[in-house]
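Trainee: Let me give you the structure first, and then I'll get to my questions.
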Amino acid sequence: MRKVICVPFAYDETMNSGVNVSKKTEKVKIYLKNAVVALCSAKYYNKECDVVFATNVSSDLIPKDIQEIFLSNEILVWNIPFDRYCFAPNYKWSLAFYKLCVLSYLIEKKCDYICYMDTDVYVQNALDSVWDECNHNILLYDVNHGMNTMEYVAINDEFTNYLGSNEMPTHYGGEFFAANLENAQKFENLAINIYREMQERQVVTTKGDEFIISLAANRMKNKVKNASPYIYRFWTGMNFRLISTCYEYNPVIILHMPAEKEKGIITLFDRYFSKGIVPSNKKVWKICRLNHQPIYEKVLFFVLKNK
């Protein structure tokens with residue numbers, strides 16, 4: 001059985017990507033360092049799996065030190081063109097749709113089990129329980145937004161515009177997908193049909209791949225299960241801190257940490273993974289501000305809030 005853990009990464013300087021990296025000139029370097037941490041931690045705990053960096057970036061644009069880290073850690077690098085799920089370059093989150101493009105190619109490669117995840121994650125254990133789930137379910141991350149959040153109100157308006165009625169589909173994030181080959185094929189067939197209809201009707205979303213993923217999942221409700229026992233999205237910023245203790249208690253396998261993209265994950269790369277070292281999970285929790293918020297941040301936030 002071939003089990004693939006994949007981190008997709010697309011880059012085109014003319015296209016829009018995430019909003020969690022401040023300087024455009026630093027984007028490639030930051031995302032590559034994040035990918036190293038995600039992939040090497042995944043391989044460390046899942047040695048029997050193919051761990052893959054899927055990218056449309058040519059190998060000569062990947063720094064030699066990054067390539068050497070991939071090689072020494074048995075990380076496979078697959079060059080996959082961004083020729084599916086394509087939107088206009090100025091389309092918000094246009095690069096995020098590359099994940100669905102990669103999913104399509106992984107299905108064509110007949111991988112028995114497929115899991116893809118964002119670059120800004122840390123894998124802190126084996127994915128054995130995820131593969132067990134994949135014998136029955138597709139795992140997607142429910143971002144836990146309801147009508148009491150502006151984010152869900154916005155995407156639900158887009159769902160309603162597309163569907164013609166208010167069905168209130170669950171909002172699934174784009175950071176994680178896991179399924180066996182059969183279910184992945186069924187899901188991707190729905191996804192590509194939604195994409196084609198969006199193109200034909202000129203339907204616009206501001207939510208990137210999450211729009212298509214959520215609508216496809218809504219059509220496969222009996223096969224889709226919330227992945228939150230295995231992955232959690234931790235918000236560790238100074239101004240917005242949304243944390244669960246599930247990094248340690250009833251621990252999830254994958255820590256998704258968008259606010260650490262330029263902070264904690266870069267520290268993990270510089271201090272450990274660039275030197276071939278995998279830190280203890282407790283060190284990861286501290287560096288990535290999961291089990292504490294630095295005093296200076298608390299003071300600064302208090303000052304700014306009361307200014």
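The values are calculated or read from the model by the stated rules, or taken from the named source; none is laboratory data. Given the structure is predicted, the values throughout are model-derived calculations rather than measurements. Glycine also receives a Cβ, built like all others from the backbone with ideal geometry; neighbour counts cover every protein chain displayed.
Trainee: Considering only residues that are within 19 Å of the chain's Cα centre (by Cα) and among the polar types (S, T, N, Q), look in the range 68-113 and name the one that is nearest to PRO8 (Cα to Cα).
Mentor: Of everything passing the filter in the range 68-113, ASN79 is nearest to PRO8 (Cα to Cα).
Trainee: I'd like the full set of residues that are under 21 Å from LEU242 (Cβ atoms) and either part of a helix (DSSP H, G or I) or among the acidic types (Asp, Glu) (or both), limited to the range 136-170.
Mentor: ASP142, MET150, GLU151, TYR152, VAL153, ALA154, ILE155, ASN156
Trainee: Here's a follow-up. Sort out which residues of the range 227-242 are assigned to a loop (DSSP other than H, G, I, E, B) and either buried (at least 21 other Cβ atoms within 10 Å of the Cβ) or modelled with pLDDT of 95 or more (or both), and write them in order of number.
Mentor: Listed by number, the residues that qualify are ALA227, SER228, PRO229, TYR230, PHE234.
Trainee: Now for a separate question. Checking GLU167 against (1) closer than 18 Å to ALA96 by Cβ; (2) surrounded by fewer than 16 Cβ atoms within 10 Å (Cβ to Cβ), which test does it fail?
Mentor: (1)
Trainee: If you go through the range 257-286 one residue at a time, how many are closer than 26 Å to GLY174 by Cα, part of a helix (DSSP H, G or I), touching a residue at least 12 places away in the same chain (Cβ under 8 Å) and not aromatic (Phe, Trp, Tyr)?
Mentor: Residues flagged as closer than 26 Å to GLY174 by Cα, part of a helix (DSSP H, G or I), touching a residue at least 12 places away in the same chain (Cβ under 8 Å) and not aromatic (Phe, Trp, Tyr) within the range 257-286 amount to 10.
Trainee: So, one more: Tell me whether the range 181-195 contains one or more residues that are among the acidic types (Asp, Glu), over 25 Å from CYS86 (Cβ atoms) and outside any helix (DSSP H, G or I).
Mentor: Checked against the condition, which is being among the acidic types (Asp, Glu), over 25 Å from CYS86 (Cβ atoms) and outside any helix (DSSP H, G or I), the range 181-195 yields no hits at all.
Trainee: So PHE82 clears everything in (1) in a strand (DSSP E or B); (2) touching a Phe, Trp or Tyr at 6+ places or on another chain (Cβ under 9 Å) except one condition, right? Which one?
Mentor: Only one criterion in (1) in a strand (DSSP E or B); (2) touching a Phe, Trp or Tyr at 6+ places or on another chain (Cβ under 9 Å) is unmet by PHE82, namely (1).
Trainee: Output yes when any residue across the range 211-227 is closer than 30 Å to LYS283 by Cα and of a type outside the set (Ser, Thr, Tyr), and no when none is. Break it down into steps so the answer makes sense when it comes.
Mentor: The first filter runs over the range 211-227 and keeps only residues closer than 30 Å to LYS283 by Cα, leaving 226-227.
So of that shortlist, the ones also of a type outside the set (Ser, Thr, Tyr) come out as 226-227.
Yes, the conditions are met somewhere in the range 211-227.
Trainee: Taking LYS110 as the residue in question, decide whether it is modelled with pLDDT under 95 and assigned to a loop (DSSP other than H, G, I, E, B).
Mentor: Here the answer is no, as LYS110 does not meet what is asked.
Trainee: Does ALA154 fit the bill of being touching a residue at least 12 places away in the same chain (Cβ under 8 Å) and surrounded by 23 or more Cβ atoms within 10 Å (Cβ to Cβ)?
Mentor: The answer is no for ALA154.
Trainee: Can you find even one residue in the range 86-107 that is assigned to a loop (DSSP other than H, G, I, E, B) and more than 29 Å from ASN193 (Cα to Cα)?
Mentor: No: the range 86-107 contains no residue that is assigned to a loop (DSSP other than H, G, I, E, B) and more than 29 Å from ASN193 (Cα to Cα).
Trainee: Check off (1) touching a strand residue (DSSP E or B) at 6+ places or on another chain (Cβ under 9 Å); (2) free of Cβ contacts under 8 Å to residues at least 24 places away in the same chain; (3) in a loop (DSSP other than H, G, I, E, B) for CYS246 and give me the number that stays unchecked.
Mentor: (3)
Trainee: Further question on the same structure: When you scan the range 1-28, how many residues do you find that are touching a Pro at 6+ places or on another chain (Cβ under 8 Å) and modelled with pLDDT of 85 or more?
Mentor: Adding up the residues that qualify gives 1.
Trainee: Here are PHE82, PHE70, PHE97, PHE53: which of them is crowded, with 18+ Cβ neighbours inside 10 Å, over 28 Å from SER214 (Cβ atoms), at pLDDT 95 or above and of a type in the set (Phe, Trp, Tyr)?
Mentor: Every option except PHE70 fails the conditions.
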